[in-house]
Amino acid sequence: MGHVITFAQQKGGAGKTTLLAHLAVAWVKAGKTVALIDLDAQQSLTRWAKLRADPGLALIESRDYRATLDIKSARRDHDIVLVDCPGAASSLLDNVVRETDLLVAPCQPSAMDIWASATIIDAARRFKTPCHILLNRVPPRLGEIDDIIDALGPDTAVLATRIGNRIAYSRAIMSGKTAQELGPRSAAARETADLCRELGALLS
């Protein structure tokens with residue numbers, strides 16, 4: 001049985017699909033079998049996966065009414081199942097969180113993003129699903145980062161890995177690639193590797 005990792009965030013533009021795609025490729029290159037389930041109405045992950053046409057990535061075009069069954073089936077056949085889920089409070093979010101081993105909520109270092117994360121955090125607590133905030137698009141100089149983390153609340157887990165505000169991520173996605181493929185020694189590649197290791201340790 002594989003692990004299910006869901007990326008969700010209520011506020012648009014948090015970067016969840018981009019980060020999910022980067023992790024998917026990193027795990028495939030590490031020898032893992034990976035399935036992608038795109039439940040976001042924008043279908044950005046589906047478009048990227050079809051552009052990439054990678055036989056190592058199984059794209060499961062699910063719908064909200066069958067999300068639970070698709071996740072369970074994918075878990076049986078793959079080492080890692082990555083779910084791109086919208087974050088609005090709904091039965092879909094609840095059903096996905098219930099089937100999830102680890103919930104990741106990408107969050108830009110701003111008050112609005114922090115407030116938007118509350119829906120995801122609350123859903124995780126209701127179903128006792130481990131949830132971690134992933135700080136994304138962090139500028140190189142952000143003196144108030146500790147204040148931002150404090151604003152999330154003392155009981156909110158924040159990943160140690162922080163993703164910088166780098167054009168390499170979005171540029172790679174546009175071509176069906178990932179930043180670590182375009183620049184194996186880049187800062188973006190190091191961040192992706194760090195994130196892979198940290199999430200892997202949480203699942204072990």
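Summary table
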{"item": "Summed side-chain charge close to Ile5 - residues other than Ile5 whose Cβ falls under 13 Å, Lys, Arg +1, Asp, Glu -1", "result": "-2"}
{"item": "Cα-projected label distance for Lys72 with Ala58, points at 7 Å along beta-carbon direction, nm", "result": "1.6 nm"}
{"item": "Exposure proxy order (Cβ contacts within 10 Å, fewest to most) of Cys107, Cys196, Cys131", "result": "Cys196, Cys131, Cys107"}
{"item": "Residue exposure sequence - Lys50, Lys32 - by fewest surrounding Cβ within 10 Å", "result": "Lys50, Lys32"}
{"item": "Region 3-203 - convex hull of the alpha-carbon atoms, volume per residue in Å³", "result": "106 Å³"}
{"item": "Modelled label reach - Ala151, point 7 Å along Cα→Cβ, region 117-131 residues with backbone N closer than 16 Å", "result": "117-119"}
{"item": "Packing rank of 113-123, 173-183, where each peptide gets the mean count of other beta carbons within 10 Å, highest leading", "result": "113-123, 173-183"}
{"item": "Inter-label distance for Ser91 and Lys128, nm, one decimal - labels placed 7 Å from Cα along Cα-to-Cβ", "result": "2.5 nm"}
{"item": "Three principal axis lengths of region 4-118 [C-alpha, angstrom, descending]", "result": "39, 26, 23"}
{"item": "Residue exposure sequence - Ile60, Ile145 - by fewest surrounding Cβ within 10 Å", "result": "Ile145, Ile60"}
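Values in this text are rule-based calculations from the coordinates and carry no lab data. Nothing here was measured: the structure is a model prediction, and the numbers come from that model. So basically every Cβ, Gly included, is an ideal-geometry build from the backbone, and we count neighbours across all protein chains shown.
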